[in-house]
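Trainee: Got a structure for you, written out below as structure tokens; questions coming shortly.
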Amino acid sequence: MKLLTFTIDGKTRPGALNGERVIDLAAAGLPAGADGDLLEIIRGGDAMLAKVRAALADGKAKSYALSAVKINAPVIVPSKVVAIGLNYIDHCKEANLPVPPEPVVFAKFPNSVTGPFDDVSWPRAASSQVDYEVELGVVIGKVARDVPEAKALDYVFGYTVVNDVSARDQQFANAKQWDRGKSFDTFCPYGPYVVTRDEIPDPHSLQVRTVLNGKEMQNSNTKNLIFNVNKIIAYVSQGTTLLPGDLIPTGTPFGVGFSRKPPVFMQDGDEVVCEVEKIGAIRNRIRLAK
């Protein structure tokens, strides 16, 4: 199933995609998160997903045309966004950095989350080197702590598309502020859907792609991940409790802007599209603030 959070007539609610229509899960009696999002659906696990399937099968369920709704981030304020850096060998090479012996973990603050079709914006004075990074996103489905690799996928609710927007002059210069450079407001657009785990039994064979202003910039496959989803969840959950709705962007492949010659950074008015096979695409306009 493809699940989403949408807004219509000023009200935000969880939904499920049925062709070109969105089933209103709140109208079907299913719970919404505090922000009207998918969080309570995620927390409900398999029992809740059975109710979602029933709503999808109900020919009388309230629905809206997909084109008539605004699609939001699936979980509007996740408790954590735990991201992975340097997770494709070709990206390590282009960054002139060694292949890490274990996953490189950093945080994107929850305030960085924005919708899959919302503007990405930042103050001009804060950065002049803002980059794109397409990533497969993992949405955690149940409380996870000290999870063994062999069972790690059992803790996944589903998969989504993330653009790990990055201010390189904050990330690499001076104090090397990775978290700051990754966490400006709007620097984590994701969605448009969460595709449930049953529809993607193997997340390690998905094409990922970035297009900037109509030009392809990144094109790779999650089979090239250095540390796969199982390893990432097992590693991150050692000593850190992951909660339902937490988001894990799993790393980006070759082709980012800072490593190009000359470098390519996003500018006011640009449009960046990030795609992951079997999930969909997010599309964001760049709008610089004064």
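Trainee: Give the share of C-alpha pairs in each 5 angstrom bin for the range 1-72, from 0 to the last occupied bin, in whole percents, shortest bins first.
Mentor: Calculated over all Cα pairs of the range 1-72, the distribution is 4, 19, 33, 26, 15, 3, 0 percent.
Trainee: Could you work out what % of the accessible surface of the range 7-129 is carbon and sulfur, using a 1.4 angstrom probe and leaving DNA, RNA and ligands out of the count?
Mentor: Values: 3110 of 5800 Å².
On the range 7-129, the fraction of accessible area on carbon and sulfur atoms equals 54 percent.
Trainee: Now for a different question. Give me the distance between the Cα centres of the range 116-147 and the range 166-190, rounded to whole Å.
Mentor: The range 116-147 and the range 166-190 have Cα centres spaced 10 Å from each other.
Trainee: With a 1.4 Å probe and all protein chains left in place, how much accessible area per residue does the chain have, in Å²? Write down the numbers at each step before the final one.
Mentor: Working: 12010 Å² over 290 residues.
Accessible surface, normalised per residue, equals 41 Å².
Trainee: Please sort 54-66, 267-279 by packing, taking for each peptide the average over its residues of neighbouring beta carbons within 10 angstrom, highest first.
Mentor: Top to bottom by mean Cβ count within 10 Å: 267-279, 54-66.
Trainee: Still on this structure: Could you work out the Rg to Rh ratio of the range 65-132, with Rh taken as the Kirkwood radius (inverse of the mean 1/r over all Cα pairs)?
Mentor: Radius of gyration relative to Kirkwood radius: 1.06.
Trainee: Next question, about the same structure. Treating each Cα of the range 138-252 as an identical point scatterer and ignoring solvent, apply the Debye formula and state log10 I(q)/I(0) at q = 0.12, 0.16, 0.19, 0.22 Å⁻¹.
Mentor: -0.49, -0.86, -1.15, -1.35
Trainee: Can you give me the orientation-averaged projected area of the convex hull built on the Cα atoms of the range 42-95, in nm²?
Mentor: Dividing the Cα hull surface by four gives the mean projection, 7.2 nm².
Trainee: Continuing with the same structure: Over the range 54-175, what number does the Rg to Rh ratio reach, with both radii from the alpha-carbon atoms and Rh per Kirkwood?
Mentor: Radius of gyration over Kirkwood radius for the range 54-175 works out to 1.03.
Trainee: Restricting attention to the alpha-carbon atoms of the chain, what are Rg (one decimal) and Dmax (integer), both in Å?
Mentor: 18.2, 59
Trainee: Take the Cα atoms of the range 219-290, find their three principal axes, and give me the spread along each one in whole Å, biggest first.
Mentor: So the extents along the principal axes, rounded to whole Å, are 41, 28, 26.
Trainee: Quick one: with all protein chains in place, what share of the accessible area of the range 150-233 is carbon or sulfur, to the nearest percent (1.4 Å probe)?
Mentor: The computed percentage sits at 42.
Trainee: Turning to a different aspect of this structure: Just the Kirkwood number for the range 181-234, please: inverse of mean 1/r across all distinct Cα pairs, in Å, one decimal.
Mentor: Taking the inverse mean of 1/r over all distinct Cα pairs, the range 181-234 comes out at 13.7 Å.
The values are calculated or read from the model by the stated rules, or taken from the named source; none is laboratory data. In this text the structure is predicted, and so the values were computed from the model without any measurement. All Cβ positions, glycine included, derive from the backbone under ideal geometry; neighbour counts span all protein chains shown. What goes into the accessible areas is simple: the full protein's heavy atoms, side chains included, and nothing from ligands, DNA or RNA. Shrake-Rupley method; radii C 1.70, N 1.55, O 1.52, S 1.80 Å.
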